[in-house]
Structure formats: structure tokens, C-alpha cells
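What follows is a set of notes on a single structure, which appears directly below.
The values are calculated or read from the model by the stated rules, or taken from the named source; none is laboratory data. The model shown is predicted, which means the values in this text are computed figures rather than measured ones. FYI the Cβ positions are ideal-geometry reconstructions off the backbone, even for glycines, and counts take in every protein chain you see.
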Amino acid sequence: MPQPTETWKLLNMNTLELISSAAHAEAPTDGQVIDLANDVDPRTLTLDGVTRINLHFPKFTDGRAFSQAYLLRRRLDFKGDIRATGDVLVDQVLQMQRSGFSSAVLRADQNLAHAERQLQRYPEFYQGDSASPQALFTRQKATP
């Protein structure tokens, strides 16, 4: 198995905070939080002073929040917390991290330990993503 490059280690460490549904319900809301509906274009928002944007998954087959997260992170350069809420499954957390989410509230029946393992499953990705937009072959140094 290839070893992760130093660039990958700096850019793509596990940056997705996993939150249980119970912990999310008890946590106070700090700063300005926006709950963004799935049919709203993030480019229409005023993001000044916003610290967190909640993107909701009404069911796990609805992937519109992935597109919203990518737009917020890459095109709008939003630096705050982008949180996945709703029907969030362990199977989705890796793609959430790659799409620009910084935290995810797992559905009550999902196991946090399984989600952590999922995030550490692959050391690198060939394609670029929200954290590292360059493809792997453009990040690697040429070997003689």
C-alpha cells in the first residue's frame, strides 16, 4: 500500500468532527448559525459573521447537501463549520469530509467508532476534493 505524502498529511488529516445525535441535541448554539434548506442556493447567502451552517439530509439518498457544502467551501471560501444533520449514516462520512463538511451529527442508531474507522480507511485519493483540489498525480514528486 502506498504511503501518504507529506502534503496529504497536512491537508487531508481527519478533519471531520463526528458528533452523536444526543451530544448535538444538548450542545448550546454559539455564534451565528444558519440552517440551510436543500433547495437554497448557497451563493445567495450573506455569510458575514456566520460561524456555522447546518446542511440537512432529509434521507440518506438525498445528496444535495454535498453540493451545497462543496460550493460553500470551495467557491464561497467559507471558513466556518459546515455541519451535516439529519439522516447521516456511517457510509456517508468519508464523502462528507471530502466535500467540505467539518462536522457531522450521526443518526442515533449509527456507531461513532465505525464512523472513525471509515474516515481512516484510505490514505489518499486519486481525485481532488474540497481540501486538496489537485489530483494525486499532480501532488506527487516525479521519481527518477
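Side notes on the structure shown:
- Every residue from region 24-62 that is outside any loop (DSSP other than H, G, I, E, B), at pLDDT 90 or above and closer than 25 Å to residue 112 by Cβ: 33, 35, 36, 51, 52, 53, 54, 55, 56, 57
- Considering residues of region 63-104 that are closer than 22 Å to residue 121 by Cβ and in a loop (DSSP other than H, G, I, E, B) only, the residue farthest from the chain's Cα centre (by Cα): 87
- Candidates in region 53-105 are the residues that are acidic (Asp, Glu), touching a residue at least 12 places away in the same chain (Cβ under 8 Å) and out of contact with any Pro (no Cβ under 8 Å at 6 or more places or on another chain); of these, the one that is farthest from residue 24 (Cα to Cα) is 62.
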